[in-house]
Structure formats: C-alpha cells, structure tokens
1. Among the listed residues R119, R96, R175, R136, which satisfies the condition of being within 30 Å of T219 (Cα to Cα) and open to solvent by 70 Å² or more (accessible area, probe 1.4 Å)?
2. Can you tell which of L93, L83, L106, L125 is at pLDDT 95 or above and within 20 Å of the chain's Cα centre (by Cα)?
3. Looking at (1) more than 24 Å from A73 (Cα to Cα); (2) in contact with a Lys or Arg (Cβ under 9 Å, 6 or more places away or on another chain), which is the only condition L14 fails?
4. In the stretch 184-198, which residues are in contact with a strand residue (DSSP E or B) (Cβ under 6 Å, 6 or more places away or on another chain) and either at pLDDT 90 or above or open to solvent by 30 Å² or more (accessible area, probe 1.4 Å) (or both)?
5. Are there any pairs with C-beta distances below 8 angstrom linking a residue in the stretch 143-165 that is over 23 Å from V105 (Cβ atoms) and among the polar types (S, T, N, Q) to a residue that is open to solvent by less than 70 Å² (accessible area, probe 1.4 Å) and not in a strand (DSSP E or B), with the two at least 6 apart or on different chains, and if so which?
6. Restricting to the stretch 34-51, name every residue that is over 17 Å from G80 (Cα atoms) and crowded, with 20+ Cβ neighbours inside 10 Å.
7. What number of residues in the stretch 224-254 are open to solvent by 30 Å² or more (accessible area, probe 1.4 Å) and modelled with pLDDT of 50 or more?
8. Can you name the residue in the stretch 52-68 that is among the hydrophobic types (A, V, I, L, M, F, W, C) and closer than 23 Å to S10 by Cβ and is also surrounded by the most Cβ atoms within 10 Å (Cβ to Cβ) among such residues?
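The values are calculated or read from the model by the stated rules, or taken from the named source; none is laboratory data. A quick note: this is a predicted structure, and the numbers were derived from the prediction, not measured. Neighbour counts are summed over all protein chains in view; Cβ atoms, including those assigned to glycine, are modelled from backbone coordinates with ideal geometry. Accessible surface areas use protein heavy atoms only, side chains included; no ligands, DNA or RNA. Shrake-Rupley method; radii C 1.70, N 1.55, O 1.52, S 1.80 Å.
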Amino acid sequence: MRLCADVGGSFIDLAAFDAEARIVWRRKVATPVADWAAFGAVFAEAVATVPCSAVSIATAGLVDPASGVVTSANVPCIDGRALARDLATALALPVRVVNDADAFVLAEATLGAGQGHDRVFGIILGTGVGGGLVERGRIVSGAGGIGGEWGHGQVIHASPRAPDAMPVFACGCGRQGCLDTIGSARGLERLHRFLHGVEADSIAITRGSEAGDVQAAATVAWFCDLLGGRSRCCCTPCRRRSCRSAAGWPMPPR
C-alpha cells in the first residue's frame, strides 16, 4: 500500500491506497506548522497504523526539482527543508513530494477531465492563484519548481498618465501587479475596496453579485476581465471593458 497526504496550512489529509487505488484508511489531523518533530510524528504514526511501502505528499508551496527543497509560507517547519529526503530518512521509506497544484493536474490528466490530452494545464483560484502543467503524463516542473505557477507574472501595470487608474497592488513575492494580487479571493476583496471603497469578504461579494447587487456585480465582472487578460486602460473615458477614466472614477464592466 501507499500512504498519500495533502499537506496544507491548517490540516494534513492522509489516506492509504491499495494496489487497485482504493482508499482503505483515511485520517485528517491538524498540521503542526512550526514543529518538525511533530510533523514527522504524524507520518510515523500513520505508517505504524497502516503499513505502507511508500509515501507520496502533495504540499502547498514550491518544490525545487533539483534539490527537493520546499518553499512554504504556510508550514514553516518544512520551509527550506529537503522534505522528501528528511522524511524518507525518518520513516525508512521512499518518499516523493510534489506541489499540490501539480498533483491536482496530474490526477486530472491521468484519471479526470484531462484524459486523452497530451498537455493539460490546471488552474487553482483560492486564497492565492496557483496552477500546474502536465505534458504526456509528466509534471513540467521548470526551474525552481515554477513550471505551472502562473500567479506571479506582473500583468497589471500603472499608466504613466493616470497611475491610480489601475489596481497595481503589492504582492507577497516582493513585486507589484502580479496576477495573484487580483485573481485570488483576497484579490477580489482588494478590487472591491479599490472600486467602491467598501470592505467585504470574497464570499459576500460573490453572493452579492449573484443576488443582483450592482457594486458586487461590477467587482466580479472586472475581476473576470482582469483574470482573462481583457482589461486595458486608455486613461480617458471610453467604451472599453473595465476601463477607469482619467479622473479615477470606476466604470463598471458592461
């Protein structure tokens, strides 16, 4: 059997699979985010309960394909650690670690919506913007493990004529205008505040849009335009989608 785990900032979801890929055991535990010993103990207890021949882990954050070092903002005890190597030593079992988005796309390419396609790109829009790329059944990792990570391209740029006309927000990666800053749940909230000066969480905004709230609908429509790459700002009142005038007034998308 193989032990598989989805490691997130809040929980570790563990499951053991038999040779027919059937789940025979499953457990969900709180992630010991700051305690490496406790983190390892979660897996040691699992393989003691259900003997397995190998361990596969999908985790939030980047996994460098050359060094195996994980970069994780949500689980500091594994940040900067060659997780597969260190856990394999502790468990005396083979361990493989991949990015959770890569794992999701590989599953879709193999067993899900991407079956039969040579190249599959999957998108995650959640707390942040993530993604994975699979070609001919293999994960495309890229340098540093960023092959399918599309959230940190600088897609929003300030206009030299009206620098406040576009939502150029600072990103956690240290740059500005990344897709992650506007395409995530937090990005939707930033856009709402930028357009209307109103604080609201992403759930309230989407529910408001569905219920016909004009401000919420404008925010969601602009979110879709920016995410889809259709937005341009000409800095003068116009009929283009999602533009804002030079005076800085929001023009809700049509």
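1. Only one candidate passes the filter, namely R175.
2. L83
3. (1)
4. L195
5. Listed by first residue and then by second, the contacts come to Q154/G177; S159/A165; S159/M166; S159/C233; S159/C235.
6. Hits for the stretch 34-51 are F43, A46.
7. Going through the stretch 224-254 one residue at a time, the tally reaches 5.
8. First, pick out the residues of the stretch 52-68 that are among the hydrophobic types (A, V, I, L, M, F, W, C): 52, 54-55, 57-58, 60, 62-63, 66.
From the residues that got through so far, the ones that are closer than 23 Å to S10 by Cβ too are 55, 57-58, 60, 62-63.
Details: V55: 23, I57: 24, A58: 22, A60: 23, L62: 19, V63: 26.
Per the stated criteria, the residue is V63.
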